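This report refers to the structure that appears directly beneath it.
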Amino acid sequence: MIVLGIETSCDETSAAIVSSNKKILSNVISSQIDIHKPFGGVVPEIASRSHVQNIDEVIRISLQKANVQLEKVDAIAATAGPGLIGGLIVGLLASKSMALSINKPLIGINHLEAHALMPRLTNKIVFPYLLLLVSGGHTQILEIHGVRKYKLIGTTLDDACGECFDKVAKMLDLGFPGGPAIENAAKFGDDEAIELPRPMINHLTLDFSFSGLKTAVLGKVSDTMSEKIKNNIAASFQKSIGDILYKKIEKASNNFYKNYSYKPNIVFSGGVASNQYLKNRLLNLSELNKVNFYAPPRELCTDNGAMIAWAGIERLFENPNICEYEIAVNPRWQLDKLHL
């Protein structure tokens, strides 16, 4: 099978062609970073307008690079939620139009589901596995038992981890997007130099809270900060995040393993999974527990059409007759909930 995937949930307009034998034939991404950089974050109205302007060309280039005619794809998969409603509408309507015009199935994809299944495209991972899904809008721990079989066991009670990276980077005037900016500055800082809290790290639940950490960083910021102090704050902040994620996944995995005679894999996915420091922290945990650890390649961690196309393929494997022309966008579509 060959599936065209369309992703427009936030600030990337992306189209990709992926085959069922795990070949990414094309993966074209039009980033809006430069457009939103002056605002220090994504402006929904500007993002929607950019999707409208770019989506036709992105799809055309993706088909051209894959050397595939639109009529030859077996299905079209598009993000239906969660995300910014304007962008979701642009991508889903374009996908519906194409699917109807060539009489091929349309599959509405949960954006988080695509992140959850993406590591199965690049690695041989069997169900079940434990997933840490960390992005600009979500921070969750889930048990992945199969396609559309997801159990949420921990989530953030306030800010998402990726959002916290963006806001701290803005406080430190490091630029946008915040994740790469913090990671780069941290390389030149001392992660023990600034004392910062680890909210809820020893809490009985697997839930997260990052607003207190963000506020603590704000208390360390001043107008006269040197570059050295900025780097130290960035490094200390990143270490705090690493400590929290490590502790929560350690607890989640210990509970998860009690239900099996073997130790299922640990998977790290979402935009924040491109952070090499955090990836190394979780790799160390998996080595201690003698389990396999997987994360997508850096270029496939952030939002992209390939993950949407692959999720569509996984859905087709599950139900070859699937077709969802009637699906509507759902900006708050939770991964463990069916689309209403």
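The values are calculated or read from the model by the stated rules, or taken from the named source; none is laboratory data. Computed from a predicted model, the values in this text were never measured in an experiment. Every residue, glycine as well, gets a Cβ built from its backbone with ideal geometry; the counts of neighbours run over all protein chains shown.
Here is a list: Ile35, Ile2, Ile17. Which entry is closer than 19 Å to Thr302 by Cβ and either in contact with a strand residue (DSSP E or B) (Cβ under 6 Å, 6 or more places away or on another chain) or of a type in the set (D, E, K, R) (or both)? Please lay out each step first, then the result.
Working: Ile35 fails: either in contact with a strand residue (DSSP E or B) (Cβ under 6 Å, 6 or more places away or on another chain) or of a type in the set (D, E, K, R) (or both); Ile2 fails: closer than 19 Å to Thr302 by Cβ.
Checking each option against the conditions leaves just Ile17.
I'd like to verify a number: residues in segment 185-205 that are touching a helix residue (DSSP H, G or I) at 6+ places or on another chain (Cβ under 6 Å) and either at pLDDT below 95 or not aromatic (Phe, Trp, Tyr) (or both), how many?
Selection size over segment 185-205: 12.
Kindly provide the set of residues from segment 291-309 that are part of a helix (DSSP H, G or I), buried (at least 24 other Cβ atoms within 10 Å of the Cβ) and under 14 Å from the mean Cα position of the chain (by Cα), ordered by number.
Those that are part of a helix (DSSP H, G or I), buried (at least 24 other Cβ atoms within 10 Å of the Cβ) and under 14 Å from the mean Cα position of the chain (by Cα): Gly305, Ala306, Met307, Ile308.
Mind checking which residues of segment 192-231 are of a type in the set (Val, Ile, Thr) and either loosely packed, with under 15 Cβ neighbours inside 10 Å or under 20 Å from Ile249 (Cα atoms) (or both)? Even if it seems obvious, please write down each step before you answer.
Our first condition is that a residue be of a type in the set (Val, Ile, Thr); within segment 192-231, this holds for 194, 201, 205, 215, 217, 221, 224, 229.
Answer for segment 192-231, where residues must be of a type in the set (Val, Ile, Thr) and either loosely packed, with under 15 Cβ neighbours inside 10 Å or under 20 Å from Ile249 (Cα atoms) (or both): Ile201, Thr205, Thr215, Val221, Thr224.
Quick check: anything in segment 280-287 touching a Phe, Trp or Tyr at 6+ places or on another chain (Cβ under 7 Å), over 30 Å from Ile102 (Cα atoms), at pLDDT below 95 and not in a helix (DSSP H, G or I)?
Looking for residues that are touching a Phe, Trp or Tyr at 6+ places or on another chain (Cβ under 7 Å), over 30 Å from Ile102 (Cα atoms), at pLDDT below 95 and not in a helix (DSSP H, G or I), one finds none in segment 280-287, hence no.
Within segment 161-170, is even one residue among the charged types (D, E, K, R), at pLDDT 95 or above and within 13 Å of Ile241 (Cα to Cα)?
Scanning segment 161-170 turns up no residue that is among the charged types (D, E, K, R), at pLDDT 95 or above and within 13 Å of Ile241 (Cα to Cα).
Show the residue pairs that are 6+ apart or on different chains and have beta-carbon atoms under 6 Å apart, the first residue being within segment 39-62 and outside the structural domain of Asn304 (by TED's automatic domain parsing) and surrounded by 15 or more Cβ atoms within 10 Å (Cβ to Cβ), the second being part of a helix (DSSP H, G or I) and not acidic (Asp, Glu).
none
Could you grab me the full set of residues in segment 288-318 that are of a type outside the set (A, V, I, L, M, F, W, C), at pLDDT 95 or above and more than 16 Å from Pro119 (Cα to Cα)?
Residues satisfying the conditions do not exist here.
Give the number of residues within segment 92-148 that are assigned to a helix (DSSP H, G or I), of a type in the set (Gly, Ala, Ser) and touching a helix residue (DSSP H, G or I) at 6+ places or on another chain (Cβ under 7 Å).
The number of residues fulfilling the criteria is 2.
Taking the condition surrounded by fewer than 24 Cβ atoms within 10 Å (Cβ to Cβ), more than 14 Å from the chain's Cα centre (by Cα) and closer than 27 Å to Pro177 by Cβ, does Arg120 pass?
Yes, satisfied.
Which is crowded, with 24+ Cβ neighbours inside 10 Å, outside the structural domain of Ile109 (by TED's automatic domain parsing) and either in contact (Cβ under 8 Å) with a residue 12 or more places away in the chain or assigned to a strand (DSSP E or B) (or both), of Gly175, Gly189, Gly179?
Gly179
Looking at segment 258-279, which of its residues are closer than 19 Å to Gln238 by Cβ, surrounded by fewer than 16 Cβ atoms within 10 Å (Cβ to Cβ) and either assigned by TED's automatic domain parsing to the domain that holds Leu112 or modelled with pLDDT under 95 (or both)?
Within segment 258-279, none qualify.
In segment 199-239, which residues are within 22 Å of the chain's Cα centre (by Cα) and assigned to a helix (DSSP H, G or I)? Show your work before the answer.
As a first pass, look at segment 199-239 and keep what is within 22 Å of the chain's Cα centre (by Cα): 206-211, 213-214, 234, 237-239.
Of everything in segment 199-239, those that are within 22 Å of the chain's Cα centre (by Cα) and assigned to a helix (DSSP H, G or I) turn out to be Ser211, Leu213, Lys214, Ala234, Phe237, Gln238, Lys239.
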